[in-house]
Structures are given as structure tokens and as C-alpha cells.
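Each remark here refers to the structure printed beneath this line.
What follows draws every value from the coordinates through simple rules; no lab data is involved. From a predicted model like this one, the values you see are computed outputs, not experimental measurements. Here Cβ is always computed from backbone atoms with ideal geometry, including for glycine, and neighbour counts include all displayed protein chains.
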Amino acid sequence: MGSWTPHQSSVILTGAQHWLGVAEHGKVAAMILFALLLAAPPQADPAADASRCIRAVAPASGTIGTLENRCTERLVVFMCVTGPPLRARETYFDCAKGQVGSYDVKAAGSAPAIFAGARRVHLFACRFPQFLPRDVRYHHGRGLKGVCR
């Protein structure tokens, strides 16, 4: 049997330290990845967005129209308008001012809302109570956007 030289021991020790360092680095990377996954917000369920279910029906006269739910689930609906009439501007949820109204609309039901006479009505809806709306905001040129989680 041969004997180990100091150089061979040094090479083995250096190799072992290298692999321990790689293993430790892998543990740190795995811990960072796990922390990022925990911190990431859950992805929205596309089926939860029920904006297509809501229709704004203008009144024959006056400013109070109806938000109609054309689906079979209860919805929480958010609404704002762009270009509200000057004569009654303070009674509208004005998107440009960050004002957004929320409505609880029963399945196949409706809710009164002030929007008639505005240039445009912006709507966002989530199936409720299965999903809760988050980060609902008006984005100029893109409308009322949010996430249902």
C-alpha cells in the first residue's frame, strides 16, 4: 500500500470543499426559489373574471341606468365612467378621478347605477363569493382592470 502525499491530501480536501460549496450553493438557491414561490401572488383564475356577464342598460330618461347580470352566478361588479356630464359630474364615479363604485348583483339580477349621459361606461366583475376582486383600477386607454382570485 502506498502512502498519501501532502499534495494528494490537499487535492482531495480542495475537491471536497468545492463539492460542499456547490451543495451549499444549491441549498441556498433552493431556499431562495422556495421563498420566491411563497411570496409570489397566486395566479388569477380566468374563469373568475365575469366582466362579460354584465351589461349596462341606459334608462329611457334620467341618469340612473341598470347593470344587468346575464350569468347564473352572483357577481361583484366595479364601474366607473369617462366623460361624465358636466351638470352632474359629482354624482358619477369618475374614472379620471380614481373613483370606482362597487355593486353586488345577484344571479340573473340587476342593480341601479348612475352612468347615463357619460361618454363611456367601464365595467369589471368577479364571480362572488368564490373569487375576490383585487387591484381594480382604471387604466387610461385600457379601461377598468383588476384580478379575480
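Overview of results
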{"quantity": "Expected-Rg normalisation [2.2 N^0.38 Å, Cα atoms] applied to the range 78-124", "calculated": "1.14"}
{"quantity": "Total charge dipole magnitude, the range 43-100, about the Cα centre, Cβ charges on Lys, Arg, Asp, Glu only, Debye to nearest 20", "calculated": "200"}
{"quantity": "Two-decimal ratio, the range 46-149, of alpha-carbon radius of gyration to 2.2 N^0.38 Å", "calculated": "1.01"}
